[in-house]
Amino acid sequence: MLRTRERAEEIIKLNPEWYHSIELVPGVITPGRCPLEAWEKELANLRLPDLRGKSVLDIGAFDGFFSFAAERLGASRVIALDHYVWFTDRVEWMKEWRKSRETGTPVTPPHETRHWRPDELPGRRPFDAARAILGSQVEPVVGDFMTMDLTSLGRFDVVLFMGILYHLEDPLRAMRRLATVVAPGGLAVIETEAVEVPGLGDAAFCQFFPGQELENDPSNWWSPNAKALMGLCQAAGFREVILLTDPPRSPWRPLGTRLGAAIKHLIFETHIPQRLGYKGNTIAPLPRIRYRAIAHAHP
Ligand SMILES: C[S@@+](CC[C@H](N)C(=O)[O-])C[C@H]1O[C@@H](n2cnc3c(N)ncnc32)[C@H](O)[C@@H]1O
């Protein structure tokens, strides 16, 4: 394929929906959900090991930003695995999603709509076009990570598991499956939506999203706190887990945590309000702080 500016611009015109920002040729960048610099920063935040000569599996590869980056960084073999967005006609579905966000009405998940077209892979077109113009050897594999035969994939030196944990209905089973595709001495890089609940103490906690509460996306189910993320990795059999991100500090802390905790205790835990005749809800509203967590997990 010609690697010209004109061809790159034509690719973007033909494929208007991009999740990742990818520089197709110098100066022509696909219009992803955030600027290229933000993706580059995220890549740096992953603190990947030297990828030269390594095999890499990118689970939930989407448009392939991280797969192509792994290849550029010298990986000898890169597999980009996905199915969900690749099965979806994203150009049409995103119209419905935007409308739902504007109107506050429920959106139907892609797999329950006519935009779900597994035979045509309409959502893989951006990946395919980027792969072609980049002259990439990244190997796309269509598969549902939760149901496919993982032995057919093999094991990899580095497995990227980014932005996917919270999309999976069964996070512990997902982490166990993840552990099976990491080669001995290898590394799983886990990046996920995460939550911190000030005052929860030492508890491992996952917030559940029954609807489309998180990012207006009905395919988001769970958000772990740091302790739960660590616990999920350990329960899945990873022997060494390093959290690269610190949970954010509560904004309350500097404002007198102790006083706040004492008042909360009086109101919500002593039942004094009930004794005084208050019949309202006594479950303390939990302040939650959203963030993105990154962990390195070694088998
Ligand atoms: C939020 S995007 C993250 C994309 C990319 N990994 C990143 O971090 O920028 C989630 C991706 O996971 C994919 N995905 C969700 N469930 C999956 C499953 N069971 N098997 C394979 N891919 C899945 C989606 O299709 C989508 O491409």
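The values are calculated or read from the model by the stated rules, or taken from the named source; none is laboratory data. Please read all numbers here as calculations on a predicted model, not as lab measurements. Cβ sites come from the backbone with ideal geometry, for glycine too, and all protein chains shown count toward neighbours. Just so you know, the surface numbers come from the protein's heavy atoms only, side chains and all, with ligands and any DNA or RNA stripped out. Shrake-Rupley method; radii C 1.70, N 1.55, O 1.52, S 1.80 Å.
Structural remarks
- Relative contact order computed over the chain (Cα-Cα under 8 Å; 6+ residues apart), in percent: 16 percent
- Value of Rg/Rh across segment 86-218 [Cα atoms, Kirkwood radius]: 1.00
- Were the residues from His111 through Ile242 laid out at 0.36 nm apart, the gain over their Cα-Cα distance would be 43.7 nm.
- In degrees, nearest ten, helix 257-268 long axis to first principal axis of the chain (Cα): 70 degrees
- Paired Rg and Dmax values of segment 13-112, which use every Cα atom, in angstrom: 15.7, 49
- Here's the list of aspartates and glutamates a cross-link from Lys95 could span, going by alpha-carbon distance under 18 Å and ignoring same-chain residues fewer than 8 apart: Glu17, Glu112, Glu215, Asp217.
- Heavy-atom accessible surface of segment 27-177, averaged per residue, reaches 47 Å², computed with a 1.4 Å probe.
- Cα-centre dipole for the chain with unit charges at Cβ (Lys and Arg positive, Asp and Glu negative), debye to 20: 840 debye
- Per-peptide packing, taken as the mean over residues of other Cβ atoms within 10 Å, places 9-20, 157-168 in the sequence 157-168, 9-20 from highest down.
- Reduced Cα scattering model of the chain, Debye log10 I(q)/I(0), q = 0.07, 0.09, 0.10, 0.12 Å⁻¹: -0.32, -0.52, -0.63, -0.86
- Alpha-carbon centroid distance for the pair segment 126-174 / segment 16-92, whole angstrom: 11 Å
- Exposure rank, largest accessible area first [Met175, Met1; 1.4 Å]: Met1, Met175
- You can think of it this way: the chain between Ala203 and Leu150 has 15.8 nm of extra reach, that is 0.36 nm per residue less the Cα-Cα gap.
- With every protein chain in place, segment 116-225: carbon and sulfur % of accessible area (1.4 Å): 50 percent
- Helix 5-14 vs. the chain, principal-axis angle (Cα, 0 to 90°, nearest 10): 50 degrees
- Pairwise FRET efficiency - Arg72 versus His298, Cβ, R0 = 35 Å, nearest 0.05: 0.90
- Acute angle (nearest 10 degrees) that the helix 36-45 long axis makes with the longest principal axis of the chain, alpha-carbon atoms: 70 degrees
- With a simple spin-label model that places each label point 7 Å from the Cα along the Cα-to-Cβ direction, the separation between Cys34 and Arg7 comes to 3.1 nm.
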